[in-house]
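Let me begin by presenting the structure, written as structure tokens, before commenting on it.
The values are calculated or read from the model by the stated rules, or taken from the named source; none is laboratory data. Keep in mind that what you see is a predicted model, and the values were worked out from it rather than measured. So basically every Cβ, Gly included, is an ideal-geometry build from the backbone, and we count neighbours across all protein chains shown.
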Amino acid sequence: MGDVQALLQSVFGFPGFRGVQGQVIDRVMAGRHTLAVMPTGAGKSLCYQLPAVARDGLCVVISPLIALMHDQLRSALAVGIRAATLTSADDNRRETIDRLRAGALDLLYVAPERAATPQFRELIAEARINLFAIDEAHCVSEWGHDFRPDYRLLRPLLDSFPHVPRLALTATADAHTRADILVQLGLPEDGMIIAGFDRPNIRYAISPRDGAARQIADLVRQTPGAGIVYAPSRAGTEKLAAQLAATGRPVRVYHAGLSPELRQANQAAFVASEDMVMVATIAFGMGIDKPDVRFVAHAALPRSIEAYYQETGRAGRDGAPAAAHLFWGAEDFVRARQRLDEVEPDRRASEQARLAALSGLVETGDCRRMVLLRHFGEQPAGPCGNCDNCLTPPARVDATELARKL
Ligand code: ADP
Ligand code: MG
């Protein structure tokens, strides 16, 4: 077991903890179950990577996507952590299992469906498990914006190692979802650490759509630096990318319909570029570490406030000014309501609440940031002065006055 502060410097090369990292790591090192709610880019990975290195034995990390696991693996290997992934995409599984048995691994990334198998349980029983880290923990809750039924299978695994601490991590969970994560993963009520959600350098703006291609092209022209444009469909990204090429900026696309090679190449080009515009579906973004994204545009309504916050949160991680501009149309809400009808009845109420919260954000004439932060349970002191409604207060229609005139 190494000294945490010393390891922070020697292994990760960081001069100190950021935000609540120290608090979270203290709890984990003390062996206590914890739910850490920290914004995207706050440094959640360190909260399990550091204890994984500092404590003897193996840390098992549950993660929802193979691509995400491989990104995390790369960054863990880059700092010299003994890490591996165990997924269907890995042909070195035999070797990984041998290393696990030999106690030669600090960190093992695995998807929930594999983690839940009896074979996996038997396998890790042969190792010394020092921590279960459950990344993207909102996936365990039907109230969360990205429910994955497989996450529900984790509980029996966790319970069969009652003395192993659990660290659940998420960027986006409202109060309801947070409470549900605690219940679903068997964490104590006082085990929650919540970092602030405010991203003061992001300027939020939301406007009705009126020729999205032109509006987004204007935004691109006005905003130097790299940016991400989210479009709702694969075809939509291709079309918008072609239209944005007229701005003269390098433009690439990213969606699940592209070959893995092309996706990888486009992503790498974006990360390396200082002025590229990436037009993408929501398949793009998780696990991408690019601090100097200057704007994130939405060509249509996102699925929820949580998704909006997570997607816009990819802007301005370096702390310098960045813009988040959402363009919405009435048809987005029509489609969202149609989707509601397809939702299973027992989830309909939560989906309905989610849509209502989103329309509240879109429709408000008040400070956007206050609406966002209140959604996540914070009590902001006052209007931010750095969103569209603060900077250009919308004209208020006085209904009483109108009625009187009529
Ligand atoms: P999250 O999972 O919360 O979105 P990551 O764990 O991917 O965030 O970390 C985001 C970035 O912050 C990474 O580049 C990481 O190296 C960096 N980082 C994490 N902790 C620190 C720290 N204490 N000091 C400086 N940079 C840090
Ligand atoms: Mg993360």
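The residue pairs whose first member lies in the range 63-74 and is over 14 Å from R148 (Cα atoms), whose second member is within 13 Å of ligand 1 (Cβ to nearest atom) and in a helix (DSSP H, G or I), and whose beta carbons are closer than 9 Å, counting only pairs six or more residues apart or on different chains, are Q72/S45; Q72/Q49. Residue pairs whose Cβ atoms lie under 6 Å apart, separated by 6 or more positions or on different chains, with the first residue in the range 247-259 and under 11 Å from M278 (Cβ atoms) and basic (K, R) and the second at pLDDT 95 or above and assigned to a strand (DSSP E or B), are R249/V277; R252/M278. Residues in the range 269-297 that are of a type in the set (G, A, S), at pLDDT below 95 and either crowded, with 20+ Cβ neighbours inside 10 Å or more than 20 Å from A324 (Cα to Cα) (or both): G285 only. Here R128 passes the criteria (1) surrounded by fewer than 23 Cβ atoms within 10 Å (Cβ to Cβ); (2) in contact with a strand residue (DSSP E or B) (Cβ under 8 Å, 6 or more places away or on another chain); (3) at pLDDT 95 or above except the one numbered (3). Once the range 250-292 is narrowed to residues that are under 23 Å from A78 (Cα atoms) and either of a type in the set (K, R) or part of a strand (DSSP E or B) (or both), the residue that is farthest from ligand 1 (Cβ to nearest atom) is R263. Checked against the criterion of being of a type in the set (S, T, N, Q), closer than 22 Å to L157 by Cα and within 13 Å of ligand 1 (Cβ to nearest atom), the candidates S75, S88, S45 yield just one match: S45. When F17 is tested against (1) in contact with a helix residue (DSSP H, G or I) (Cβ under 6 Å, 6 or more places away or on another chain); (2) closer than 25 Å to V293 by Cβ, exactly one condition is not met: (1). Tell me which of these A213 doesn't satisfy, since it passes every other one: (1) touching a strand residue (DSSP E or B) at 6+ places or on another chain (Cβ under 8 Å); (2) not in a loop (DSSP other than H, G, I, E, B). Going through the list (1) touching a strand residue (DSSP E or B) at 6+ places or on another chain (Cβ under 8 Å); (2) not in a loop (DSSP other than H, G, I, E, B), A213 breaks only (1). For the range 129-188, a tally of residues being under 20 Å from L46 (Cβ atoms) and among the polar types (S, T, N, Q) returns 3. Answer with yes or no whether P149 is more than 16 Å from ligand 1 (Cβ to nearest atom), at pLDDT below 95 and over 15 Å from the mean Cα position of the chain (by Cα). Here the answer is yes, as P149 does meet what is asked.
Of the residues in the range 305-349, how many are assigned to a loop (DSSP other than H, G, I, E, B) and either within 16 Å of F197 (Cα to Cα) or modelled with pLDDT of 95 or more (or both)? Looking only at that region, the number is 9. Considering only residues of the range 7-45 that are within 26 Å of A102 (Cβ to Cβ) and in a helix (DSSP H, G or I), which is nearest to ligand 2 (Cβ to nearest atom)? That would be S45. Suppose we keep only residues that are assigned to a strand (DSSP E or B) and under 14 Å from P232 (Cβ atoms) within the range 293-304. Which one would you say is farthest from ligand 2 (Cβ to nearest atom)? Result: A297.
When N130 is tested against (1) of a type in the set (S, T, N, Q); (2) out of contact with any Gly (no Cβ under 9 Å at 6 or more places or on another chain); (3) closer than 27 Å to L7 by Cα, just one condition goes unmet, and that condition is (2). Of all residues in the range 47-94, those that are surrounded by 20 or more Cβ atoms within 10 Å (Cβ to Cβ), within 15 Å of ligand 2 (Cβ to nearest atom) and in a helix (DSSP H, G or I) total 9.
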